[in-house]
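Single-structure report; data block below.
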Amino acid sequence: MRAFYTVLFCLVLSLCTKAQFNKSWKGYFSFNQINGLSQGSSKIIAASENAVFIKDVNTGDVKTINTVDGLSGLTITAIYYSQSLKKILIGYENGLMIVYNEVDGSILNVVDIINKSIPQNVKRVNDFMDVNGIIYVSCDFGIVQYNLNTLQFGDTYFIGPGGSQISISQSAFYNGRIYAASRTNGIYSADINNPNLNDYNQWLNITSFGYMGIQKIDSNLVAVTTSGNLQRWQGSSFGSLTQLPEVAVDLRGTDQYLTITTPNHVLVYNATLALISDIQSAQLTNVPSTFTCSGLLGSNLFIGTLQNGIFSKGITESTFDNLTPDGPLRNNIFALTATSSNLWTVFGGYDIDYNPYNFFGVGLPKYGISKLTKSGWLNISAEDVFNARSLSRITVNPNNENQVFISSYYSGMLKVENDVPSFLYNVTNTAPNGLQTVPGQVPDDIRVNGSVFDAQGNLWMTNSMVARGLKVLKPNGQWLSYNMQDITANVVQLNMGRMIIDKNGTKWMATWRDGVIGFNENYNNLFKSISSAADGGNLPSYDARAIAIDNRNQLWIGTLNGLRVLPSVDSFLSNQVLRSNPIIIIEDGLAQELLYEQSISDIFVDGSNNKWIATVDSGVFYVSSDGQKTIYHFTSSNSPLPSNNVNDIEANPVTGEVFFATTKGLVSFRGTATEANDNLSNVYVYPNPVRPEYTGTVKVSGLTDKAHVKITDIEGNLVSEFITEGGTIEWDTTAFGKYRVASGVYMIFVSSEDGTDTTVKKVMIVR
């Protein structure tokens, strides 16, 4: 397996900037948080958290660049566009720099700063200054010189007292000298032609205040202090011009204009430093926005925000246009649910201890809902969900796809009909047998999480930290509750996660400290648990996070400390003690547990009964139906995954597209494991024809389960043969895996398991 990982890593790394690799992946990133702007003569280039988009203001064309194209999933902290060289320079929080070539779309990862022998926490890239193709990179340790023509690094300047490392927020070139602004040590200046700039003694400390930025505008050099004072260089010192209404967060200058951005203002000054415009966030009607940056292209002003993407307006106009590319509301997707035509996403949630009040340190999360359709993204704002907080899970009514239920781990259960939030179930409207508030908390604190429909159309859901913690909403609107006190030692600490239902109608619930709990009302309200006790359930941890039932009726359980499998869900009805087992694999000649001590966040069973397993810090594993073979192991290092922390996995049952919701964004992989069809009337082959530049496999989809597939050349010679599991097979265009077949037309003969249904397809291969 180790050899497999090495081969996969090398293969993916070598292809990550090539179009052939990208064909298997798609990125669905949010552009609502804008971290930086740059511009050319007719283009605006904007950086969001970890993606970039280019807007041509003349044609209106928009191009997006994300991890599928080779960008890092880390946070972007600086961006610069060179009009003359047609290159975009992107800086990251960890010191990584990426050069994107606009001409051919190639990506160059520049890791020199990452590899410097300095503390990791001071490698952040803050700003780029271009002087005739030489980029002066402002970092948290000093300044680095980078030649954008040759793509080579030059000198590094540690310019603090005694040559110490100090954070440089921004630099400017003015009258033959470099001026470097530091938030802690003031402004330093040096002759740009001095050959000894790596000697700190050549840098003069001309002021000791803290400065957030410095810029040249026409014949003026201006700087802004960390306290928000705008100053102008007067030949020997900086003199105060004005006190800004707030502390500045961004400072940009051109030959004609200076723009200063604060959280609630964008101030535009002309070349004489007269204020000509003050745009306030309140002017963006009904759109609460925090400004992050701004820039001018001609007389058009572009404003980046923290929550709502990028807006544009003429300097003298009052109307705003939103230029944000299509995407979900946020990149940190907590949960998702896929159907054959839609993908629903929510953004959380609760922290690792099921605490909704401390979700990533922001308190109760108040985010909306995003839905992906064939026509693009539909975003339902936080204001339109009846003030529901901590939205955590999504359940689509299998009998009515236009009816969706969104669990809230603070506000109850939200009902969405025809894409419009229509009702919020809570304590006031579900009594006496409905939802309950956590004892001792505010009346709004109703922690609903996992939910599932049964065959009769009943909606089951968990209501954590209350005695009657299992609820059901019947189609007639009646509510029932089931007491869980006898199954756990301390029911008021029973936090419950995902829920699924098996063929027997047994409901399985993952819990925080009580393993997995099963329930079946048809057997005298029977509860049983799978615990972490060695003589009991044998789970590696009492904290179960992921549960899935495969096509062989096995229950796969992911915990924060490893993986277990219950051999059959039928054991709930027949065995007193439910005992799970590890999956033992042979690696390097030694017997080991599959995913030993891995923190597992989700398990998804695809149409071939293979398992996609998400982890908290190791990316995604794709394993065979029995777990004995690891087919893929995707990480942020060898694939477009923007983060190794994967929250959720779902797949479109028809197309096989597998979606990975991570803390840094949503991406998908074009898998082959689709659900089996009822007949062979919709079999199709792609790509067709297979062109010389294509390096992937040929997929045959629309198949029935256990169908027989034979591939022959035009003369009838057999070159490959399959028996399907699920609705799709892959052919690597070789003859039984030995050699690549020649150019020509190949016949694909398909018959159902019993031979009563058949079809024939063709595929052309061009070498």
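Under 5 Å between amide H atoms, partner at least 5 residues away or on a different chain: which partners does Ser106 have, H built in plane at 1.01 Å?
So Ser106 has HN proximity to Asn101.
When the label point is put 7 Å from the Cα of Leu108 along its Cα-to-beta-carbon vector, which residues of region 136-152 have a backbone N closer than 19 Å?
Taking a point 7 Å out along Cα→Cβ of Leu108, the residues of region 136-152 whose backbone N falls under 19 Å are 136-138, 144-152.
Out of the GluC sites (Glu not before Pro) in region 382-465, which ones are loop residues according to DSSP with at most 13 other C-beta atoms within 10 Å?
Filter output for region 382-465: Glu401.
Please list 3J(HN,Hα) in residue order for region 375-391, calculated via the Karplus relation 6.51 cos²θ - 1.76 cosθ + 1.60 where θ = phi - 60°; whole Hz, with x for glycine and proline.
Couplings: 8, x, 8, 10, 10, 9, 6, 4, 6, 9, 10, 6, 6, 5, 10, 6, 5 Hz.
For the chain, state the average projected area of the convex hull of the C-alpha atoms over all orientations, rounded to one decimal in nm².
That works out to 37.5 nm², a quarter of the Cα hull's surface.
Of the listed pairs Lys43/Lys313; Lys55/Lys313; Lys26/Lys374; Lys43/Lys63; Lys415/Lys503; Lys63/Lys86, which have alpha-carbon separations greater than 18 Å here?
Result: Lys415/Lys503 exceed 18 Å.
Quote the charge dipole size of region 600-748 about the Cα centre in Debye, to the nearest 20; the model charges only the Cβ of Lys and Arg (+1) and of Asp and Glu (-1).
360
Considering the convex hull of the alpha carbon atoms of region 426-476, report its projected area averaged over all viewing directions, in nm², one decimal.
If you wrap the Cα atoms of region 426-476 in a convex hull and average its projections, you get 3.6 nm².
Give me, ordered by chain and number, the residues 5 or more places off Ser294 or on other chains with an amide H under 5 Å from its own placed amide H.
Gly304
Cα-based Rg (one decimal) and Dmax (whole number) for region 472-567, in Å?
According to the Cα coordinates of region 472-567, Rg and Dmax are 13.5, 44 Å.
Once the cut-off is 24 Å, how many percent of the Cα-Cα pairs in region 85-183 end up in the long-distance tail?
Within region 85-183, distances greater than 24 Å cover 18 percent of Cα pairs.
Which of rounded, prolate or oblate describes region 554-651 when judged by the alpha-carbon gyration tensor and an a/c cut-off of 1.5?
prolate
Just to confirm the filter: which chymotrypsin sites (Phe, Trp or Tyr not before Pro) across region 481-567 are DSSP coil and have at most 15 other Cβ within 10 angstrom of their Cβ?
For chymotrypsin sites (Phe, Trp or Tyr not before Pro) across region 481-567 that sit outside H, G, I, E and B with at most 15 neighbouring Cβ atoms in 10 Å, the list is empty.
Once a ≥ b ≥ c are taken as the square roots of the eigenvalues of the Cα gyration tensor of region 351-509, is the result rounded (a/c under 1.5), prolate (a/b larger than b/c) or oblate (a/b not larger than b/c)?
Here region 351-509 falls in the oblate category.
Helix 2-15 sits at what angle to the longest principal axis of the chain, using alpha carbons and giving 0 to 90 degrees rounded to 10?
50
Could you state the accessible area per residue of the chain in Å², with a 1.4 Å probe and every protein chain left in place?
40
Testing the spin-label approximation: label points 7 Å from Cα along Cα→Cβ at Asp754 and Ser340. State their distance in nm.
2.2
Mind checking the full-extension length gain between Leu718 and Gln576? Use 0.36 nm per residue of separation minus the Cα-Cα distance, one decimal, nm.
45.9 nm
Okay, which of region 335-354 sit inside 20 Å, backbone N to the point 7 Å along the Cα-Cβ direction of Asn387?
Under cut-off, by backbone N: 348-349.
So what are the ³J(HN,Hα) numbers for region 429-442, from phi and the Karplus equation (6.51, -1.76, 1.60; θ = phi - 60°), rounded to whole Hz, Gly and Pro as x?
10, 10, 5, x, 9, x, 5, 10, 7, 4, x, x, 9, 5
Name the long-range amide H neighbours of Cys139: under 5 Å, sequence gap of 5 or more, or other chain; modelled H, no Pro or chain starts.
Asn126, Val144, Ile168
What spacing in nm lies between the two simple spin-label points modelled at Asp535 and Tyr686, each 7 Å away from Cα in the Cβ direction?
5.6
Using helices alone, I'd like the mean residue ellipticity at 222 nm for the chain: each DSSP H run of four-plus residues gives -39500 (n - 2.57), total over residue count, nearest 500.
Taken over the chain, the calculation gives -1000 deg cm²/dmol.
What is the gain in length, in nm to one decimal, between Asn504 and Gln256 on full extension, counting 0.36 nm per residue of separation less the C-alpha to C-alpha distance?
Taking 0.36 nm per residue and subtracting the Cα distance, the gain is 82.0 nm.
Can you send over the carbon and sulfur percentage of the accessible area for the chain, probe radius 1.4 Å, protein chains only?
Looking at the chain in its full context, I get 47 percent from C and S.
To one decimal place, what orientation-averaged projected area in nm² is obtained for the convex hull of the Cα set of region 183-329?
10.7
Would you mind calculating the gained length between Ala271 and Ser208 on full extension (0.36 nm times residue separation, minus the Cα-Cα distance), in nm to one decimal?
Answer, rounded to one decimal: 20.0 nm.
With +1 assigned to the C-beta of every Lys and Arg and -1 to the C-beta of every Asp and Glu, and no other charges, what is the dipole magnitude of the chain about the Cα centre in debye, to the nearest 20?
Charge dipole of the chain: 320 debye, to the nearest 20.
Rounded, prolate or oblate for region 57-139? Axes are the square roots of the Cα gyration tensor eigenvalues, ordered a ≥ b ≥ c, and the cut-off for rounded is a/c under 1.5.
Taking the square roots of the gyration eigenvalues as a ≥ b ≥ c, region 57-139 is prolate.
Suppose R0 equals 25 Å; then what is the FRET efficiency for Val122 and Leu85 from their Cβ-Cβ distance, rounded to the nearest 0.05?
0.30
How many angstrom separate the Cα center of region 392-454 from the Cα center of region 267-303?
Measuring centre to centre over Cα atoms gives 41 Å.
Could you check the spin-label model distance between Ser42 and Asn196? Points 7 Å from the Cα along Cα→Cβ, value in nm.
Roughly 5.0 nm, to one decimal.
Whole-Hz Karplus ³J(HN,Hα) for region 471-485, in order, using 6.51 cos²θ - 1.76 cosθ + 1.60 and θ = phi - 60°, x for Gly and Pro?
Once θ is set to phi - 60°, the couplings for region 471-485 become 10, 9, 9, 7, x, 7, x, 6, 10, 10, 10, 10, 6, 10, 5 Hz.
The values are calculated or read from the model by the stated rules, or taken from the named source; none is laboratory data. No experiment lies behind these values; they were computed from the predicted model shown. Cβ atoms come from the backbone with ideal geometry, glycine included; neighbour counts cover every protein chain shown. Surface accessibility is based on the protein's heavy atoms, side chains included, excluding ligands, DNA and RNA. Shrake-Rupley method; radii C 1.70, N 1.55, O 1.52, S 1.80 Å.
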